[in-house]
Amino acid sequence: MEAWEQPIDTGEVPEDGSHFDVIVVGGGPGGSAAAAYNALNGSKVLLIEKDVWPRDKPCGDAVGGKSLSHVEELGVLPMIQATPYYQVDSIVFGSPNGSEVRVMLPKESYEAKGLLSGYALPRVQFDYMLFKRATELLRENGGSVIQGFPVREVMSEVDGGAQRIVGVSCKSGGKRSDTPELTFTASVTIGAGGYNCPVSRKIVELHDEPHKDNEHFCGGYREYWENVEGLEGQEGPIEIHFIEEVLPGYFWLFPVREGVVNVGIGMLISEQRKQKGMKKSLKQIQKWVIEEHPKFKKRFSASKLVSGSEKGWQLPFGSPRKNAPSYQPRRVAMAGAMAVGDAASLVDPFSGEGIGNALLTAKMTSRHFDREEHSAGFPEEAAVAYMEEMWDELGKELTNSSKLQRMMKIGWLTNWFIKKASKKEEIGKMMSEMIASKDAQEALWSKWFLFKTLVLP
């Protein structure tokens, strides 16, 4: 069995002033994959992670077929399969009035696209495998990996009358440490440092654009629980419930291995700030659902909270901005830099899943950066090409998910839709195909389809 609780040897720290083809800031799935793909493409890569492995990352912990295809390509899948995980075969959606529909994952559609079905496992475990593999690939290809080094500054300079990002400075132990600050330069710097990534912040700062929009940021809260009723075994569904007391957010139950379930709540920050009383705190709402809600208190009556697992975080959604100053969902590249995953605000607005888009954009960076062509610096036109491809690839999917998100926070509409879906096989099949197909997602917004499936008996 693969271990994920031991330190990872990342070798010697490069000399101050060292130059690389690519610097990647952040060692999560997007950063590890971006570093690995660019190393496999012949680039000398520096991967910088602020934490020291192993480290936890609060998340829903679901890993879809899109993610697993990249994981397999990078040689990480056998490592994950040698650890405990939960095989996801379906998703249960619950409405405020208690109706439920179980949507099976589209196995045939997945296989036709060369994809695997979904897994669920703790991020401390999943991220460890990706970082470990990235470390191996970088060191084999002349690159370097450092951990425990928060980036203090993203450096830029004027090149031909325009700003260009040229590298970073970082320091072991943080601001108060007496260790020397180290500076590294690169032809391109890739931001993969999550929702508050210093590289993505620098990109929008240099273009006088906003980094955070509360209408498109979600607050999340997660706990691990043992022995939740109805989620026994190593294979089965994950659950998403639109509970009246939680709306306009949702409550989830995602098993991560036999006997252990990731339990959490997510809500748009803009909506949460409108709430009063208990709803102001995701932790308090969750406590009430587990202890008092008639549908869930029995399921948790014999369960036990895993001590120390209580954590909150933020998710930057990829929903389209009405008045976006440039590109969608926000500017994520410029001369000398690209951002991926959460740093590029690419979390699915409906499901909250972000790993798949992080890995997809990570690979995309290796197609847009060429170490020989861009040896003098990653140009603005290449940055624009990256942003255009990213939105061409993900725009339809993220736009449809945003529509679903808005629909599901309307209680009566959710009740109606899920009740219909539980009784009409056609809707269930459509929801199943939506998981794997952008075209199937489009059908949901067809007026004829809506009338035929939802209005007609």
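We did not get these values from a lab; they are worked out from the coordinates using the rules stated. Quantities reported herein were computed from a predicted structural model and do not represent experimental measurements. All Cβ positions, even for glycine, are placed from backbone atoms using ideal geometry, and neighbour counts span all protein chains on display.
Using label points projected 7 Å from each Cα along Cα→Cβ, tell me how many nm separate GLU215 and ARG367, to one decimal.
Taking the simple label geometry, GLU215 and ARG367 are separated by 3.1 nm.
Would you mind computing, in nm to one decimal, how far apart the modelled labels at LEU413 and LYS276 are, each placed 7 Å from Cα along Cα→Cβ?
2.5 nm
Do any trypsin sites (Lys or Arg not before Pro) in the range 139-194 lie in a loop, going by DSSP, with at most 12 other beta-carbon atoms within 10 Å of their beta carbon, and if so which?
For trypsin sites (Lys or Arg not before Pro) across the range 139-194 that sit outside H, G, I, E and B with at most 12 neighbouring Cβ atoms in 10 Å, the list reads LYS175, ARG176.
Cα axis of helix 29-40 to longest principal axis of the chain: angle in degrees, 0 to 90, nearest 10?
With rounding to tens, the tilt is 50 degrees.
Report, in degrees rounded to the nearest 10, the 0 to 90 angle that the Cα long axis of helix 282-292 makes with the longest principal axis of the chain.
That helix lies at roughly 30 degrees to the long axis.
Measure nothing fancy, just the Cα-based angle from helix 411-423's long axis to the longest principal axis of the chain, in degrees from 0 to 90, nearest 10.
Its long axis makes an angle of about 70 degrees.
Once the piece of chain linking ASN227 and GLU181 is laid out straight, how much longer is it, given 0.36 nm per residue of separation minus the C-alpha distance between them?
Taking 0.36 nm per residue and subtracting the Cα distance, the gain is 11.8 nm.
Which ³J(HN,Hα) values, rounded to whole Hz and listed in residue order, are derived for the range 228-245 from phi using the Karplus coefficients 6.51, -1.76 and 1.60 in 6.51 cos²θ - 1.76 cosθ + 1.60 with θ = phi - 60°, glycine and proline given as x?
These are the phi-based 3J(HN,Hα) values: 7, 4, x, 10, 7, x, 10, 8, x, x, 9, 10, 10, 10, 9, 8, 3, 6 Hz.
Just in the range 279-380: which chymotrypsin sites (Phe, Trp or Tyr not before Pro) are loop by DSSP and have at most 12 other Cβ atoms within 10 Å?
Those that pass, being in a loop and sparsely packed, number zero.
Could you list the residues of the range 225-266 with an amide nitrogen less than 14 Å from a label point located 7 Å from the Cα of LYS311 in the Cα-to-C-beta direction?
Within reach of a label on LYS311: 225, 262-264.
Using packing as a proxy for protection, rank 370-382, 6-18 so that the peptide with the highest average count of other Cβ atoms within 10 Å comes first.
370-382, 6-18
In the range 305-334, which trypsin sites (Lys or Arg not before Pro) are in a loop and have at most 11 other Cβ atoms within 10 Å, using DSSP for the loop call?
Loop-located and lightly packed - LYS322.
Below 8 Å, C-alpha to C-alpha, sequence gap of six or more: please give me the relative contact order for the chain in percent.
The value is 20 percent.
What ³J(HN,Hα) values, in whole Hz, does the Karplus curve 6.51 cos²θ - 1.76 cosθ + 1.60 give for the range 365-381 when θ = phi - 60°, with x put for Gly and Pro?
Per residue, the Karplus-derived 3J(HN,Hα) values read 4, 6, 7, 9, 9, 10, 4, 7, 5, 10, 4, 8, x, 5, x, 4, 5 Hz.
Students often check this: by mean Cβ neighbours within 10 Å, which of 198-205, 48-55 ranks highest, and how do the rest follow?
198-205, 48-55
Which whole-Hz ³J(HN,Hα) couplings does the range 63-68 yield from phi under the Karplus relation 6.51 cos²θ - 1.76 cosθ + 1.60, θ = phi - 60°, glycine and proline marked x?
Residue by residue, the range 63-68 yields 10, x, x, 4, 5, 5 Hz.
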